[in-house]
Amino acid sequence: MYGFLQHLINGLAAGTIYALVALGYTMVYGVLKLINFAHGDVMMVGVYVGYAVAFLMGREHFGTFAGVMLVFLVSMLACAAFGLLIERFAYRPLREKPRLTSLITAIGISFALSYGFQLDLAVNLGGTSYTLLPGAASRAFPEIIVPNQWFEFGSDDQSVIIWNWQVISFLIAAALMVGLQLLVFKTRFGRAMRAVSFDHRVAALLGIPVDRVIAGTFMLGSALAACAGLLYAIKDTSVQPLMGMYIGLKAFVAAVIGGIGNVPGAVVGALALGLCEEFVVGYTSSSWRDAVAFGFLILVLLAKPEGLFGRVQAEKV
Amino acid sequence: MIRGAAPAILAAVGCIALQALLGEWAFFGYLASLVGVNVILAVSLNVINGMTGQFSIGHAGFMAVGAYTGGILSLATAQDRIGVLPEVVSDQLFLVGSLCAGGTVAALCGLIVGLPSLRLRGDYLAIVTLGFGEIIRVIVQNTQALGGALGLSGVPQRAGFGMVWFWVFLVVLMARRLAASPHGRSLWAIREDEVAAEAMGVDTTSYKVRAFVLSSFFAGVAGALFAHFVPIVNPGSFTFVKSMEIVVMIVAGGLGSTTGAFTAAVFLTLLPEGMRSLFTTLGGGDPSLAQKVDQVRMPIYGVLLVLIMLTRPQGIFGTHEAWDAVARWRKKARA
Amino acid sequence: MSDAPLLEVKNVSIRFGGLKALSNFSLEVRKGDLKGLIGPNGAGKTTAFNALTGVYPPTEGAVVVGGVQINRKASEGQGLFSRGAMRPFEINRLGLARTFQNIRLFKQLSALDNVRVAIIARTAPLFSAERTYRMKVAGGFSKFAGRTLETINNYLDWWRAFFRTPGFLREEAEVTARADELLQVMGLSHRRDELARNLPYGEQRRLEIARALGTGPKVLLLDEPAAGMNTREKGDLMVLIRELKDRFGLGILLIEHDMKLVMGICEQITVLDHGETIATGTPAEVRADPKVIEAYLGEAPGAAA
Ligand SMILES: Nc1ncnc2c1ncn2[C@@H]1O[C@H](COP(=O)(O)OP(=O)(O)O)[C@@H](O)[C@H]1O
Ligand SMILES: [Mg+2]
């Protein structure tokens, strides 16, 4: 019983993080019908930015509100800018080309980032060496939120623990998701986004600045991903170049399960995946963790390929 | 039927002769086998990614299935002989059996993966195949009977480069004949416009699945061949990196061109191998420099993909084939 | 038997979100018919074609092709175990072929190959196509068995292509001859080996028709086949369409933007506006209908379809 509760809590905590990443996939798919393979790797870059900021900021600011805010904000801004760059120089020139070209480009970017970051590269300037590329080894992520058990229930060997970072991630993720929902349905930008996702050529005819809306969507998705990546790194207490690929893939699976293009669907899919993974790992062995998501994906595609909340979209003929 | 099979029979004779001539030259044999395996992988992946316009990025997964199936089979039958035949012939027959078994099991996996994902749009296949590759890796690493993370050793080293290149010939012949058949035309039609193809009576799903199964079969054979000339088969040989390597080959060669896939596979296999030897020599026998170069290869592949898409999305050959050019040239010469 | 309708459409409706693009659309096409479907831009004409050919399964109503109802419950998804409506290729094999308003040729294939794709030359190596088809229609286990046999057939068929068996080569020659014949009928023989994307616009439209004829249809749906042609080309095409009807024993349903042309060659016309059928009848009746006049006068003059 305690074990079950603990798995439930851990699963939900993991699920909310997947959800933030999944939102990025779903939004970009919504406006461009492109699986942005590089999304997870943009997230990874964001985590390294956060790592660098925390490192420069110094240990004494860890655990303070201002310190945490600084790390998150800088990392999210950097990621938004990075997402914008990728959209502008890699995807926009290919927008009217066959879909396969953008997909291959996305795969290429993902590959370049996740393996580029595995190289060791440092420059020596004035005696100090500056790391440019971090190398393949996993690094300990600074404890910007000092781990603390906020809640403990039960006796020593049979207990449920809720950590402070779990609660904080949950709150941040929930706030961002609510904010996103408001943005999509209550603002002009959201309305424009929905118009573009319906048909970007028609939207352009109606005077909607399609380029700006798509760029904005990328920035938004990338910022959310950076936030998710930081939360994940805090939970995992480590950061490594391949994390983007793995988390990204799972988040993508979550988006497909929920019905890609559907914002609440992505959240539900991510929570379902987080729980599923946690329970499978909890009751069997952690070495099967990576297989769960894809097994789940294949089952969903077999039974309900449009996802739980997605609708079959016929191509306009 | 006999006439149709004639090129394959000739090729078999040629490959046996070459193997007899050059079989003692181990370095050449190893390199030629490596190139051959990559050519089989690239040409077969081109059937689904190039000709059909779907996008699989998990070819290494099918290769792994073939490698482990073939490897286990050959391990189990390592001591068996067909009594009346000379040892070499008996061994090679067992090898062919293992190769076909590897291909068949990979093809079955292709069916299982392809059926749910190929009814949807092409990009789902990308994700599912990627996932498949990962699942295979996880399964292998967790199965002691397959050697776990350490890998499978002791598979009899029966595959000479002659055998490998015989399969290279088969896969190229297959791709060429497929392209010139009603099936190939239907695959092209699917690549060009799926809605129109369907409206013209092409059962798009069934064609896509069959193309994918065929592609997986040859990936399995390539894996099985690989298992029979490398000392250890381990999960590290079949990662996402391997899949990406093949994808880069066919994209650079020109999606849809068998000639392009072939050329790019040869070139992109020899180039890093050559660089490795060069930098090992430059480093005075110290392999660390060569390893560095090896690491840089992967990000370069990624950047290469992006650059090709932005500047020349049709790759080197586009959809042209060398034999078409030859045919045109002969026609002109005759006229 | 000969006067049973080849295509029967009963009260078909299609909804896109809140928009009812087609409502209560009914129509019959018999052998030898040449019917017209007209209406202002956005009236739902192309949507009607999409409903008939299975591109969008109808929300309501029934479409019967050659005695077989092609749509079942539209609400069913596309999962492996829940295939509701028939797929477009199955409908095509029942004898319904179409062209596309926004030309959808296989651009990188030659004109000849465009037509050859459509010609299904399938002599089944083991089990006759008719038999597997009957098994599939029977449903239940028989459907499963039929599909399995068909799959085996398909794989065996690939082997024939790889080994270039005499049967395969003979068939290929037949297919090519038939494709050449269709190209000649449509006046495209001189373009045989050119890529479809390099053909001039008018010829692309004709190639679309040749391709549709390649599937051996009983009913042909033409979506604005003369769009973008000049007056003389249009006239020639209309004559050709009438010839096709007689030569191949077809029933034809035609969408056309040029009112005069339609009035000239169609025996019966259906007029759509905002998805509603506002008139049906002979050209004379339709022309006199006040609702039709209003629908067209409501548009800018000259834009009348
Ligand atoms: N796939 C689709 N999704 C949403 N709306 C559509 C779709 N296809 C057509 N429509 C709408 O249905 C209406 C009818 O379109 P259509 O059938 O193409 O008209 P036309 O009579 O000019 O051929 C139009 O308003 C069009 O925008
Ligand atoms: Mg129309």
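Just so you know, the Cα atoms of the stretch C:203-269 work out to an Rg and Dmax of 11.2, 30 Å.
Among residues other than A:Asn164 with Cβ under 14 Å from its Cβ, the summed charge is -1 (Lys and Arg +1, Asp and Glu -1). Dividing the mean sequence gap of close Cα pairs (under 8 Å, 6+ apart) by how many residues chain C holds gives a relative contact order of 27 percent.
Counting Cβ atoms of other protein chains within 10 Å of each residue's Cβ and taking the mean over peptide A:289-302 gives 5. Secondary structure note: in the protein assembly as shown, about 70% of the DSSP beta bridges are antiparallel.
Reachable lysines from B:Lys331, Cα under 26 Å, same-chain residues fewer than 8 places away excluded? Result set, ordered by chain and number: C:Lys107. Largest accessible area first, the residues A:Tyr246, C:Tyr56 order themselves as A:Tyr246, C:Tyr56 under a 1.4 Å probe with ligands, DNA and RNA left out. Straight-line reach from C:Lys245: which aspartates and glutamates have a Cα under 18 Å away, not including same-chain ones fewer than 8 places off? Once the sequence-local aspartates and glutamates are set aside, what remains near C:Lys245 is C:Asp3, C:Glu28, C:Asp33, C:Glu181, C:Glu208, C:Asp223, C:Glu224, C:Asp236, C:Glu256, C:Glu267. Here, P(r) means the percent of Cα pairs in each 10 Å bin from 0 to the largest distance; for the stretch B:16-85 it is 15, 29, 37, 16, 3.
Measuring only protein heavy atoms, the 1.4 Å probe finds C:Ile209 accessible over about 0 Å². Take each residue in B:293-301, count the other chain C-beta atoms within 10 Å of its C-beta, and the mean is 4. For C:Ala85, the residues whose modelled amide H falls within less than 5 Å of its own, excluding neighbours fewer than 5 places apart on the same chain, are C:Arg72. A 1.4 Å probe run over the stretch B:6-237, with the rest of the protein chains in place, finds 32 Å² accessible per residue. Chains A and C together bury some 800 Å² of accessible area, summed over both sides, with a 1.4 Å probe. Computed with a 1.4 Å probe on the full set of protein chains, the accessible area for C:Glu294 sits at about 140 Å². Ranking C:Lys10, C:Lys35 from most to least accessible surface, computed with a 1.4 Å probe over the protein chains only, gives C:Lys10, C:Lys35. Comparing Cα centroids, the stretch A:197-273 and the stretch B:222-264 end up 31 angstrom apart.
Per-residue ellipticity at 222 nm computed for chain B from its helices equals -25500 deg cm²/dmol, with DSSP H segments shorter than 4 residues left out and the rest contributing -39,500 (n - 2.57).
Taking every C-alpha pair closer than 8 Å and separated by at least 6 residues, the mean separation divided by the residue count of the stretch A:217-297 gives a relative contact order of 19 percent.
Annotation: average projected area of chain C is 17.2 square nanometres, based on the convex hull of Cα atoms across all directions. In terms of the Cα gyration tensor, with a ≥ b ≥ c the square roots of its eigenvalues, is chain B rounded because a/c is under 1.5, prolate because a/b exceeds b/c, or oblate? Taking the square roots of the gyration eigenvalues as a ≥ b ≥ c, chain B is rounded. Taking all protein chains together, A:His61, B:His59 sort by accessible area into A:His61, B:His59, largest first [probe 1.4 Å].
Look at the alpha carbon pairs under 8 Å that are at least 6 residues apart: their mean separation over the length of the stretch B:6-237 gives a relative contact order of 42 percent.
Between B:Ala6 and A:Leu299, the C-beta separation translates, for a Förster distance of 35 Å, into a calculated FRET efficiency of about 0.15. Could you state how much accessible area is buried at the B-C interface, both sides summed, with a 1.4 Å probe, in Å² to the nearest 100? So the total buried area for this chain pair works out to about 3300 Å². Calculated on C-alpha atoms, the gyration radius of the protein assembly as shown divided by its Kirkwood radius gives an Rg/Rh of 0.99. Put simply, when A:183-195, C:12-24, B:208-220 are sorted by average Cβ atoms within 10 angstrom per residue, most first, you get B:208-220, C:12-24, A:183-195.
Per residue of peptide C:102-111, the mean number of Cβ atoms on other chains within 10 Å of the residue Cβ is 4. Counting only protein heavy atoms and using a 1.4 Å probe, the accessible area of C:Asp193 comes to about 110 Å². Given R₀ = 51 Å, FRET efficiency for C:Asp180-A:Phe279 by Cβ-Cβ distance, to 0.05? The computed FRET efficiency comes out at 0.20. The translational diffusion coefficient of the stretch A:170-225, from Stokes-Einstein at 25 °C and 0.890 mPa s with a Kirkwood hydrodynamic radius over alpha carbon pairs, comes to 208 µm²/s. Pairing chain A with chain B buries about 3700 Å² of accessible area. This figure sums both sides and uses a 1.4 Å probe.
In order along the stretch A:72-88, the phi-based Karplus estimate (6.51 cos²θ - 1.76 cosθ + 1.60, θ = phi - 60°) of 3J(HN,Hα) comes to 5, 5, 4, 5, 5, 5, 4, 5, 4, 5, 5, x, 4, 4, 4, 4, 5 Hz; Gly and Pro are listed as x.
Per-residue ellipticity at 222 nm from helix content only, as computed over chain A with -39500 (n - 2.57) for each DSSP H run of at least four residues, stands at -22500 deg cm²/dmol.
The values are calculated or read from the model by the stated rules, or taken from the named source; none is laboratory data. These numbers were taken from a predicted model, which means no experiment stands behind them. Note that we place each Cβ from the backbone using ideal geometry, even for glycine, and neighbour counts take in every protein chain shown. Keep in mind that these areas ignore ligands, DNA and RNA; they rest on the heavy atoms of the full protein, side chains included. Shrake-Rupley method; radii C 1.70, N 1.55, O 1.52, S 1.80 Å.
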